[in-house]
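Everything below concerns the one structure shown next.
The values are calculated or read from the model by the stated rules, or taken from the named source; none is laboratory data. Nothing here was measured: the structure is a model prediction, and the numbers come from that model. Note that each Cβ is placed from the backbone with ideal geometry, even for glycine, and that neighbours are counted across all protein chains shown. Each accessible area value is taken on the protein alone, full model and side chains, heavy atoms only, with ligands, DNA and RNA left out. Shrake-Rupley method; radii C 1.70, N 1.55, O 1.52, S 1.80 Å.
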Amino acid sequence: MSKFVERPRYVCALGGAVGTLKVLPRTIPILHAATGCGGNVALALNQAAGYLGSGYCAGQALSSTNASEREIVFGGEDRLTEQIANTIKLIDGDLYFVITGCMVEMIGDDIKNSIKKFDGGDVPVIGAETGGFHGNYYKGYEIVLKTLFRDFVEQKTVKDRKLVNLWGVVPIQDVFWKGNMALIKDLLTKLGYRVNTFFGDGETLDNLRHSAAATLNIVVSDTFGVEAAQVFQEVHGVPYISVPFPIGDHGSESFLRRVGSALGIANAFVDKVIEREQGYYYSYFERLGDVYSDLDLQRYAVVVGDSNYTQALARFLADDLGWLPELVVITDFLTDEQQDTVRRNFAGYESGIEPELVFDTDASNIGKYIAGHWGQSNGQRYFEGFNPGFILGSAIERDIAEKLGVPQLTVTYPISNRVVLDRGYAGYAGALRLTEDILSTLVGSR
Amino acid sequence: MDYIREKTPPVRENRLGACMAFGGSCCELSAQSKKGCLYNNNRTFSQSQGCQLTLSLAILNTIRDSVIVVHSPIGCGASLVAQAGIAKGFQKLRDPNAFGLRWINTNLDELDVVNGGEEKLRSAILYADREYRPSAIIVMNSCVPSLIGDDIDAVIEDLQKQVTAKIVPVHCEGFKTKIQATAYDAVYHGILRHLVGVEKYEDPDPVIPDELEELKEKYRISRTVNVLNVSSMSRMDEQELVKLLQSLDLNVRILPCYAHPDDFADSYEAALNVSICATHDDYFSEHMKTKYGVPFILETIPIGIANTNKWLLDIARVFRIEERAQKLIASEVGALEAVLTPYREFLTGKTALLGGGEIRILTTAELLHSLGIQILGLRGFHFDRYGEALLDQLLEDVPASERAIINIGTGQPFEQANLLARLKPDVFVGHPGGNGWANKQGIPVFPLFGQTYNYMGYLGVFEVARRLTRILKNTSYSRNIVKHARLPYRKDWYDQDPFSYIDQGVADQGMAL
Ligand code: SF4
């Protein structure tokens, strides 16, 4: 049984569905939900995501039935049909996607009855049940992807051997999604492949529509988007691999090797790509030698966030930057099985660091884990402690950082104290951005 | 007014016959409102709006030394996620020891929908008490527990025996009303029932009655006004109003935003409740009058010279210090007028469309008009009798506004886009949250309120004039993005009647479930 969450860092499945659809090109989400659900998630999908903005047709513009007592008592299917018809009439899009909130599901509205009426129309109308009680943001992402793969992606018999699809970088919940997609796409392009990211720069709905032609689906996550990959495989016969989200040299090298082997690329070629990337990466990294040593910029670190980011950040800090990320707090809802998979990504560090890994959704407990790991000062003269320390987490961790007097960088959701446009942290180039941001936090407060 | 014996407050559709779907001229709206035929609340196409739970949080997330428990699936109260990292700064302006936002979501899932969520609520309240030892735990009820029949009042009543914090239930289920402002009644209902008039944790030492002290105390109360602040006010706004009232020798207590839960206990020990905005405060003020005999003023909001004057005089009348107030006004207005000239010169002849809460836009329109700006139209979130009075005032003060367009609807940026394309104002003065759309149409935006800027009182007039002038001095940002951004509406929308999707057929009189 699930429990309450103290300061959750995600919204509900409905929010995840709105968020995912909001950034899918030319797609118009239509919300069938109680009066306030759309407005309720709007700030979380904008301000808490590095000021992403309202998008093409979300925020206050999100089409919504605003169901209230009349619909709750008498049923809202007619109202939904009317709303879909008028949305198509008024809003210019290429795909209309109906999603639901808790209340309309609980009263038994069946969106299929309304959607059916638009079969064979000029524009596709599809839908899914995404009520908040089904889970959190990631669940909404998963449901939307599954529905798109099942109901929108066209069957393909002829495969394109040089095309792959990529997902698992969860838009908005990964605030740097757009930059990250571009960076990972760039790595795969260097391996000689064309890549659909569905949500990234330069994507169109047609890429998604024809994505069943791909030779492999690459899920850059051990947790998010995996079920959707199974659906894709079932419906379209495209196999998938699930690989951890890469940041920095160590993460990216293993990413490239795993993708390379799944695609059957010659090792020698992968080696060459890696070598070139490393040359570039370390030509900058080595410049830090002076400041890193002169100021002793090595830190103990705590990493807080989702299962995608935490493993990538901890690996980067430990194996690339030479820090001591000794405590990692993962805040997702995960099954025991998923926890086991995730745990594997925190082992076998080249640096020999073995982070203490905790799964906890409650923000207040992070301070307790820090005290537990490093001990609490009682004013004694000789004290080991979390010092010099650094916290990589979300805006929620600003409080604990302030309390402990340690610097902090906000990189996981929610991010309300930074503006994020096309910045990304993935791969080699992204890790350089991250290094800039982390070390600037330190030298900026000198 | 006396609803506080009930567990839940009525919705505004019923209590005030509030309307939220109208399009026409100011003159028509005033006439129809008087005939009592304004009860349209539906559209055949609608865009998302907030619910009363979201808006309740705007007040409740400012209350000091408390923990909010949102009893719902994981997404309700999502605005807290956006504010988590930044709320502390605003709290610190009022309380240097502020600790930022503390909240718990009960995370109702598929199983709870079947089995009920009371156990989770219980564990969340107990955790909040144990972990934080707060003065108050505020429990927000949402749609799902309401539909599955969780009895949050029973849970609270039971737990109150074991918990030292005062537990305050707030019944703010989103689906019950389309008028988001019902939130204010929901919040005040909880505060009135559970915080006002309850005992403070005071020094238990028996005090020997001292007649002189008692007299002094009585005098203090007779000069104390409660200023009912709103979460859209800035600290600077508060300071300006406090300064004005203090120069009339009044003591000022500010409630409810950023107050400590204990501040409400003896809040009825006041000579007057001073509303900043009727949309926020009528429920509280009326109840404080019924239950404790505290009179109130509520007619206007101190925005613009005319309304600030009126606000001050209304207060002064209660204390019979009108002459003093007149003197204060004369000196303030004299000093202000002298510095406004260059801004008036720059702003005269410019045009504006305004959007936001009824009270705020109608008074801001008067302020803009006094600076020489022509008002082309207004968009109000909802409309009720308090708006009617201010609208009539505006029609009297600014006769030209008769023909100005007025559109009632919460959000609904598609109507806004159509109006902006038609009216092409020089500036859009809008409620935060919907301003980006105007920018994308190439129209510069002046936010209707902001937590870091001053809008109220005499200083507010100067500040608005100054900032408006600044914003219009360089409008390159909106001019640049209009070339590259586009709104989602089809081209032919802009040729249609902006109000074509207002459902004329059905009146929604908010059935009681
Ligand atoms: S309308 Fe109901 S379900 Fe939706 S956010 Fe508001 S309280 Fe939650």
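Place the peptides B:326-333, B:365-372, A:404-411 in order of packing, highest mean first, counting for every residue the other Cβ atoms within 10 Å and averaging per peptide.
Working: B:326-333: 15.8, B:365-372: 21.4, A:404-411: 19.4.
Going from most to least packed, we get B:365-372, A:404-411, B:326-333.
Taking amide H positions as placed in the peptide plane 1.01 Å from N, state which residues far from B:Leu354 in sequence (5 or more) or on other chains have amide H under 5 Å from it.
B:Gly377, B:Leu378, B:Arg379, B:Val429
Suppose a student asked you for the relative contact order of chain A, using Cα pairs under 8 Å spaced at least 6 residues apart; what percent would you report?
17
Treat every Asp and Glu Cβ in the stretch B:49-200 as -1 and every Lys and Arg Cβ as +1, leave all other atoms uncharged, and give the resulting dipole magnitude about the Cα centre to the nearest 20 debye.
Values: 15 positive and 17 negative charges, 159 e Å.
Once rounded to the nearest 20, the dipole reads 760 debye.
Which positions within the stretch B:58-74 get 20 Å² or more of their accessible surface covered by the other protein chains, compared to the chain by itself, with a 1.4 angstrom probe?
Buried-area filter returns B:Pro73, B:Ile74.
With the full set of protein chains in place, find how many percent of the accessible area of the stretch B:49-200 is carbon and sulfur; take the probe as 1.4 Å.
Values: 2130 of 4350 Å².
That share works out to 49 percent.
Ignoring ligands, DNA and RNA, how much accessible area is buried between chains B and A, both sides summed, with a 1.4 Å probe, to the nearest 100 Å²?
On the way: alone 22520 and 19100 Å², together 35450 Å².
Roughly 6200 Å².
Take peptide A:66-76, look around each residue's Cβ out to 10 angstrom, count Cβ atoms belonging to other protein chains, and average those counts. List each step's numbers first, then the result.
Values: counts 13, 4, 14, 12, 9, 1, 7, 2, 1, 0, 0.
The per-residue average across the peptide is 6.
I need the trypsin sites (Lys or Arg not before Pro) found in the stretch A:290-394, filtered to DSSP loop residues with at most 11 other beta carbons within 10 Å of theirs. Let's see the in-between values first.
Numbers: sites: A:Arg299, A:Arg315, A:Arg343, A:Arg344, A:Lys368, A:Arg381; in loops: A:Arg299, A:Arg381.
Qualifying residues, ordered by number: A:Arg381.
Given the C-alpha centroids of the stretch A:369-397 and the stretch A:150-186, what is the distance between them in whole angstrom?
Taking the Cα centre of the stretch A:150-186 as reference, the centre of the stretch A:369-397 is 40 Å away.
Other chains near A:87-94: what is the mean number of their Cβ atoms within 10 Å of each residue's Cβ?
Values: counts 4, 1, 5, 11, 8, 7, 2, 0.
Averaged over the peptide's residues, the number is 5.
If I stretch the segment between A:Arg418 and A:Thr341 completely, what's the gain in nm (0.36 nm per residue apart, minus their alpha carbon distance), one decimal?
On the way: separation 77, 0.36 × 77 = 27.72 nm, distance 3.15 nm.
So the extension gain works out to 24.6 nm.
Between B:Thr475 and B:Val333, what FRET efficiency follows from the Cβ-Cβ distance if R0 is 41 Å, with the result rounded to 0.05? The partial results should precede the final answer.
Details: r = 31 Å, r/R0 = 0.75.
The formula returns an efficiency of 0.85 here.
Which whole-number percentage describes the relative contact order of chain B, with Cα contacts under 8 Å and a sequence gap of 6 or more?
Values: 924 pairs, mean separation 100.5, N = 513.
Result for chain B is 20 percent.
For the charge dipole of the stretch B:1-108, defined by +1 on Lys and Arg C-beta atoms and -1 on Asp and Glu C-beta atoms about the Cα centroid, which residue among B:Ile104, B:Gly24, B:Ser48 has the Cα displaced farthest towards the positive pole?
Farthest towards the positive pole: B:Ile104.
Given a 10 angstrom Cα cut-off, can you work out which residue in A:Asp206, A:Asp399, A:Asp122 is the most mobile in a GNM of chain A?
Its mean-square fluctuation being the largest, the pick is A:Asp122.
How many partner chain Cβ atoms sit within 10 Å of a residue's Cβ in peptide B:479-490, on average, as a whole number?
Numbers: counts 0, 0, 0, 0, 0, 0, 2, 2, 5, 13, 5, 6.
The shielding value for this peptide is 3.
Please list 3J(HN,Hα) in residue order for the stretch A:56-70, calculated via the Karplus relation 6.51 cos²θ - 1.76 cosθ + 1.60 where θ = phi - 60°; whole Hz, with x for glycine and proline.
In residue order, the calculated couplings are 6, 9, 10, x, 5, 7, 4, 5, 8, 6, 6, 4, 10, 3, 4 Hz.
What is the distance in Å between the Cα centres of the stretch B:75-105 and the stretch B:426-443?
27
Mean Kyte-Doolittle of at least 0.0 and a Cα length of 18 Å or more along the axis: which whole DSSP H helices of chain A meet both? Don't jump to the answer; show the numbers that get you there.
Working: long enough: A:77-90 (19 Å, -0.64); A:137-151 (21 Å, -0.35); A:177-190 (20 Å, -0.08); A:248-263 (22 Å, -0.40); A:267-285 (26 Å, -0.63); A:427-444 (25 Å, 0.63).
Once both thresholds are applied, what remains is A:427-444.
Can you list residues whose amide H is under 5 Å from B:Val168's amide H, if they're 5+ apart or on another chain and H is modeled 1.01 Å from N?
Under 5 Å from the amide H of B:Val168: B:Ile137, B:Ile138, B:Val139.
Leaving out ligands and nucleic acids, and using a 1.4 Å probe, what accessible area per residue does chain B come to in Å²?
On the way: 19410 Å² over 513 residues.
I get 38 Å² per residue for this part.
Which one, A:Ser64, A:Ser364, A:Ser394, has the greatest fluctuation when you compute a Gaussian network model over chain A with C-alpha springs under 10 angstrom?
So, out of A:Ser64, A:Ser364, A:Ser394, the one fluctuating most is A:Ser364.
Read phi for every residue in the stretch B:3-14 and hand back ³J(HN,Hα) as whole Hz from Karplus 6.51 cos²θ - 1.76 cosθ + 1.60, θ = phi - 60°, with x for Gly and Pro.
Karplus-based 3J(HN,Hα) across the stretch B:3-14 equals 10, 7, 6, 6, 6, 10, x, x, 8, 6, 3, 7 Hz.
By how many nm would the segment from A:Arg209 to A:Asp360 lengthen if fully extended, with 0.36 nm per residue of separation less the alpha-carbon distance?
Working: separation 151, 0.36 × 151 = 54.36 nm, distance 3.82 nm.
That works out to 50.5 nm of additional length.
So for chain B, taking the charge dipole from beta-carbon charges (+1 Lys/Arg, -1 Asp/Glu), which of B:Phe446, B:Pro302, B:Tyr292 sits furthest toward the positive end?
After comparing all options, I get B:Phe446.
Tally Lys/Arg at +1 and Asp/Glu at -1 over every other residue whose Cβ is under 15 Å from the Cβ of A:Thr215; what's the total? List each step's numbers first, then the result.
Numbers: positive: A:Lys156, A:Lys159, A:Arg161, A:Lys162, A:Arg194; negative: A:Asp160.
Counting the neighbours of A:Thr215, the net charge comes to +4.
Can you list the residues, at least 5 places off or on another chain, whose amide H is less than 5 Å from the amide H of A:Leu95, using H built in the peptide plane?
A:Ile28
Compute the longest continuous run of chain A that contains no exposed GluC sites (Glu not before Pro); treat a site as exposed when its DSSP state is not H, G, I, E or B and it has at most 14 other Cβ atoms within 10 Å.
Values: sites that count: A:Glu154, A:Glu350, A:Glu384.
Longest run free of exposed loop sites: A:155-349.
Just to be sure I understand the model, the point goes 7 Å from the Cα along the line to the Cβ. What's the resulting A:Gln376 to B:Thr224 distance in nm?
It is 3.8 nm.
Measuring from label point to label point, each 7 Å out along Cα→Cβ, what is the B:Leu215 to B:Gln451 span in nm?
4.6
Under 19 Å from a point 7 Å along the Cα-to-Cβ line of B:Arg403: which residues of the stretch B:374-390 have their amide N that close?
Residues B:374-379 qualify, since their backbone N sits under 19 Å from the label point.
Need one number: nm distance between label points at A:Val443 and B:Arg235, each 7 Å from Cα along Cα→Cβ, rounded to one decimal.
If labels sit at A:Val443 and B:Arg235, their model points lie 3.3 nm apart.
With the solvent-accessible surface defined on protein heavy atoms using a 1.4 Å probe, which residues belonging to the stretch B:418-445 display a reduction of at least 10 Å² in accessible area in the multichain context relative to the isolated chain?
Going by heavy-atom accessible area, the residues of the stretch B:418-445 that drop by at least 10 Å² are B:Gly433, B:Gly434, B:Trp437, B:Lys440.
Rounded to the nearest 20 debye, what is the charge dipole size of the protein assembly as shown about its Cα centre when +1 sits on each Lys and Arg Cβ and -1 on each Asp and Glu Cβ? Display every interim value, and only then the final one.
Working: 94 positive and 118 negative charges, 514 e Å.
Dipole magnitude for the protein assembly as shown comes out near 2460 debye.
Before anything else, pin down the relative contact order of the stretch B:49-200: Cα pairs under 8 Å, at least 6 apart, normalised by residue count, whole percent.
Details: 239 pairs, mean separation 47.7, N = 152.
Dividing the mean separation by the residue count of the stretch B:49-200 yields 31 percent.
Select from A:Ser416, A:Ser114, A:Ser261 the residue whose mean-square fluctuation is largest in a Gaussian network model of chain A (Cα-Cα springs shorter than 10 Å).
A:Ser261
Which residues belonging to the stretch A:14-40 lose at least 50 Å² of 1.4 Å-probe accessible area when the assembly is complete, relative to their chain isolated?
By number: A:Thr35, A:Asn40.
Which one, A:Leu14, A:Ser63, A:Leu52, is farthest towards the positive end of the dipole of the stretch A:13-151 when Lys and Arg carry +1 and Asp and Glu -1 on their Cβ?
A:Leu52
Got a number for carbon plus sulfur as a percent of the stretch B:211-323's accessible area, 1.4 Å probe? Kindly include the intermediate steps, with their values, before the conclusion.
On the way: 2100 of 4210 Å².
Using a 1.4 Å probe with all protein chains present, the stretch B:211-323 comes out at 50 percent carbon and sulfur.
Helix-derived [θ] at 222 nm for chain B: sum -39500 (n - 2.57) over DSSP H runs of at least 4, divide by residue count, nearest 500?
On the way: 21 runs with 230 residues, N = 513.
For chain B, the value works out to -13500 deg cm²/dmol.
Using the Karplus curve 6.51 cos²θ - 1.76 cosθ + 1.60 with θ = phi - 60°, what ³J(HN,Hα) values do you get for each residue of the stretch B:437-450, in whole Hz, with x for Gly and Pro?
These are the phi-based 3J(HN,Hα) values: 5, 5, 4, 5, 8, x, 9, x, 10, 10, x, 5, 8, x Hz.
Assign unit charges at the C-beta atoms only (+1 for Lys and Arg, -1 for Asp and Glu), then state the dipole size of the stretch B:211-323 relative to its Cα centre in Debye, rounded to the nearest 20. Please list the in-between numbers first.
On the way: 12 positive and 19 negative charges, 40 e Å.
Dipole magnitude for the stretch B:211-323 comes out near 200 debye.
Can you give me the % of accessible surface on chain A that is carbon or sulfur? Probe 1.4 Å, all protein chains present, nothing else counted. Show your work: numbers first, answer last.
Numbers: 7660 of 16040 Å².
Its accessible area is 48 percent carbon and sulfur atoms.
In whole Å, what is the distance between the alpha-carbon centres of the stretch B:38-70 and the stretch A:28-89?
15
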